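Trainee: Sharing a structure with you now.
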Amino acid sequence: MKFILARKGRMTQVFDESGRVYAGTVVMAGPVVVTQVKGKEGKDGYAAVQVGFEEQKLARVNKPELGHTKGVGYKFLKEFRMDAGDLEVGSTITADTFAEGDTVVISSTSKGHGFSGVVKRHGFHGGPRSHGQKHSEREAGSIGGGGRAGGRVAKGMRMAGRMGNDRVTIKNLKVLKINAATGEMIISGAIPGAPGALVEILSM
C-alpha cells in the first residue's frame, strides 16, 4: 500500500501518445516523514503509520506534540491504517513512491458553501416564474402536512442548511504524470476541495 499527503493545485490537461486529452488536477505531494509506527502487538492494538507533513514554526506547536515528534513541528499529522512494512520512524515518503498509471483513492474536504437554500443545495426548481409571484421564486414550497406524515416534518426532508465542507472520497482515479524533482503529481479528473486544500492519496 502506497500513501502520501499533498496540497491541491490547479487543473490542467494531459495528452497521451495517441493525442487523447485528459483533464487532471495538479497536486504538490510530500515529502512526508514517518512520526510513529503502531502495531497490533503494542498498546494501540492496531497497525498504522502516522506521518507529518509541512514543517511548522516551533512556537505554534504545543509541547506534548513536540515531544512526540522529537522536536520537529508539523502542520499536519495524519494516520494511515496499514502494516508499516519496512517503514520506521524518520523514514521519508516522496512523490516518486507512486508511478504513472497507478490507481489511487483521493480524500479531501470539499468546498464550504455556508448556509444554502434548496435550489443550490438540492437542485430544486423553485416556484413558477409567472403572475402572482412575489418572494417565493427560490422557496422550498410545502414540506408536508396532515396527509403525508401526520402533520409533522418527516426525517430526511430536503431543506435549506449547511452545504459543503464535508470529507469526500473519490475512488479509481489515475496518476497521469509525476515530476519527482518538484513533487508534482497530476491526478485524473477533478478532486474535492479548494486550491491549497490538504489531500490524502492512497494506492492499494
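The values are calculated or read from the model by the stated rules, or taken from the named source; none is laboratory data. Bear in mind the structure is a predicted one, so any value in this text is a computation, not a measurement. Positions of Cβ are backbone-derived with ideal geometry, glycine not excepted, and every protein chain shown enters the neighbour counts. Accessible surface is based on the protein model in full, side chains and every heavy atom, while ligands, DNA and RNA are left aside. Shrake-Rupley method; radii C 1.70, N 1.55, O 1.52, S 1.80 Å.
Trainee: Solvent-accessible area per residue for the chain at a 1.4 Å probe radius, Å²? Display every interim value, and only then the final one.
Mentor: Details: 12580 Å² over 204 residues.
Per-residue value: 62 Å².
Trainee: Would you kindly state how much longer the chain becomes between F115 and A23 on full extension, computed as 0.36 nm times their sequence separation minus their alpha carbon distance, in nm to one decimal?
Mentor: 30.1 nm
Trainee: Considering the dipole of region 84-134 built from charges on the beta carbon (Lys and Arg +1, Asp and Glu -1) around the Cα centre, which of G85, V105, A95 is farthest to its positive end?
Mentor: V105
Trainee: May I ask for the longest run of the chain untouched by GluC sites (Glu not before Pro) that are loop-located per DSSP and have at most 16 neighbouring C-beta atoms (other than their own) within 10 Å?
Mentor: Longest stretch, sites excluded: 140-204.
Trainee: Could you give the length gained on full extension between A48 and M157, defined as 0.36 nm per residue of separation minus the Cα-Cα distance, in nm? Can you show the working numbers first?
Mentor: Numbers: separation 109, 0.36 × 109 = 39.24 nm, distance 3.90 nm.
Extending this stretch completely gives an extra 35.3 nm.
Trainee: Considering only protein heavy atoms and a probe of 1.4 Å, how much of the accessible area of region 49-142 is carbon and sulfur, as a whole percent?
Mentor: 49
Trainee: If packing is taken as the average count of other Cβ atoms within 10 Å, what order do 81-87, 169-175, 5-11 fall into, highest mean first?
Mentor: The packing order, highest mean first, is 5-11, 169-175, 81-87.
Trainee: Hey, what number do you get for the chain at 222 nm if only DSSP H runs of n ≥ 4 count, each worth -39500 (n - 2.57), divided across all residues, to the nearest 500? Kindly include the intermediate steps, with their values, before the conclusion.
Mentor: Numbers: 3 runs with 15 residues, N = 204.
Result for the chain, helices only: -1500 deg cm²/dmol.
Trainee: Another question about this same structure. Is the shape of region 30-69 best called rounded, prolate or oblate, per the rule: a/c under 1.5 gives rounded, else a/b larger than b/c gives prolate, else oblate, with a ≥ b ≥ c the square roots of the Cα gyration tensor eigenvalues?
Mentor: Oblate, since a/c reaches 1.5 and b/c is not below a/b.
Trainee: Here is a follow-up. Per residue of region 170-176, in order, report the coupling 6.51 cos²θ - 1.76 cosθ + 1.60 (Karplus, θ = phi - 60°) as ³J(HN,Hα) in whole Hz, putting x for Gly and Pro.
Mentor: Along region 170-176, the couplings run 10, 9, 6, 8, 10, 7, 8 Hz.
Trainee: Shifting gears a bit: Classify region 125-164 from the C-alpha gyration tensor, please: rounded if a/c falls under 1.5, else prolate or oblate depending on whether a/b exceeds b/c. Could the numbers behind the result be given before it?
Mentor: Numbers: a/c = 3.54, a/b = 1.38, b/c = 2.56.
Oblate.
Trainee: If you don't mind, there's one more thing I want to ask. Is the shape of the chain rounded, prolate or oblate, going by the alpha carbon gyration tensor and its root eigenvalues a ≥ b ≥ c, with a/c under 1.5 for rounded and a/b larger than b/c for prolate?
Mentor: prolate
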